[in-house]
Amino acid sequence: MAATNINRVILTGNLTRDPELRSLPSGTAVCSLRVACNTRRKDASGEWVDKPNYFDVTVWGKQGENCAQYLSKGRPVAVDGRLEWREWEAQDGSGKRQAVEIVADSVQFLGGRDDAGTGNGFSAKSDVPVDEKDFAPSAAPGGGAPGGSTGDDDIPF
């Protein structure tokens with residue numbers, strides 16, 4: 001029996017910039033977030049230090065619209081999703097580029113609207129479920145999957 005693949009990411013952190021909302025030609029909303037999440041480790045002197053990690057997150061559909069409307073730089077969020085690798089040709093012709101990003105299944109808004117960076121409690125939650133049709137090949141121009149290599153103009157970020 002073959003092992004089952006698991007591709008799941010859960011993280012909490014703070015937005016490093018305001019959300020960026022775009023729409024594909026099909027009308028599907030796509031929101032780009034960047035989340036900073038610290039990892040604690042001991043340095044050479046034995047002191048605990050935080051190492052920041054930065055993650056690009058894509059949120060599709062109505063949930064993406066909610067993120068763009070209610071989130072802003074500094075707000076704490078919890079993201080549950082999957083990793084997605086993509087590759088494309090650089091616009092300047094210098095070769096292929098690649099990236100790994102998080103495609104969110106759900107985004108929870110942590111803290112209050114004025115609590116950027118505190119992360120205490122839930123004040124709002126994006127309860128809108130992600131519809132599987134948002135990930136269907138027909139959702140992206142050219143019949144490719146969203147985030148696929150259908151051309152630089154179609155990359156949702």
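The values are calculated or read from the model by the stated rules, or taken from the named source; none is laboratory data. In this text the structure is predicted, and so the values were computed from the model without any measurement. Please note: Cβ atoms are built from the backbone with ideal geometry, for glycine as well, and neighbour counts cover all protein chains shown. Accessible surface areas use protein heavy atoms only, side chains included; no ligands, DNA or RNA. Shrake-Rupley method; radii C 1.70, N 1.55, O 1.52, S 1.80 Å.
In segment 34-53, the residues that are over 14 Å from Leu11 (Cβ atoms) form Cβ pairs under 8 Å with partners that are open to solvent by 60 Å² or more (accessible area, probe 1.4 Å) and among the hydrophobic types (A, V, I, L, M, F, W, C), at six or more places apart or across chains, as follows: Arg40/Trp48; Arg41/Trp48; Lys42/Trp48. Looking only at residues that are assigned to a strand (DSSP E or B) and open to solvent by less than 90 Å² (accessible area, probe 1.4 Å) in segment 42-55, which one is farthest from Glu20 (Cα to Cα)? Top of the filtered list is Val49.
How many residues does segment 61-80 hold that are open to solvent by 60 Å² or more (accessible area, probe 1.4 Å) and closer than 17 Å to Asp105 by Cβ?
Matching residues across segment 61-80 total 2.
A single entry from Leu71, Leu33 fulfils the requirement of being under 24 Å from Arg97 (Cβ atoms) and among the aliphatic types (A, V, I, L, M): Leu33. If the condition is being out of contact with any Lys or Arg (no Cβ under 9 Å at 6 or more places or on another chain), assigned to a strand (DSSP E or B) and among the acidic types (Asp, Glu), then segment 82-108 contributes only Glu84.
If you check Thr58, Thr16, Thr39, Thr28 for being over 14 Å from the mean Cα position of the chain (by Cα), surrounded by 13 or more Cβ atoms within 10 Å (Cβ to Cβ) and among the polar types (S, T, N, Q), only one passes: Thr28.
For segment 1-13, enumerate the residues that are outside any loop (DSSP other than H, G, I, E, B) and either of a type in the set (S, T, N, Q) or open to solvent by 50 Å² or more (accessible area, probe 1.4 Å) (or both). Even if it seems obvious, please write down each step before you answer.
Pass one, segment 1-13, residues outside any loop (DSSP other than H, G, I, E, B): 9-13.
Residues satisfying the conditions are Ile10, Thr12.
Of Gln98, Gln108, all but one fail to be closer than 17 Å to Ile10 by Cα, out of contact with any Cys (no Cβ under 8 Å at 6 or more places or on another chain), surrounded by fewer than 20 Cβ atoms within 10 Å (Cβ to Cβ) and free of Cβ contacts under 8 Å to residues at least 40 places away in the same chain; the exception is Gln108.
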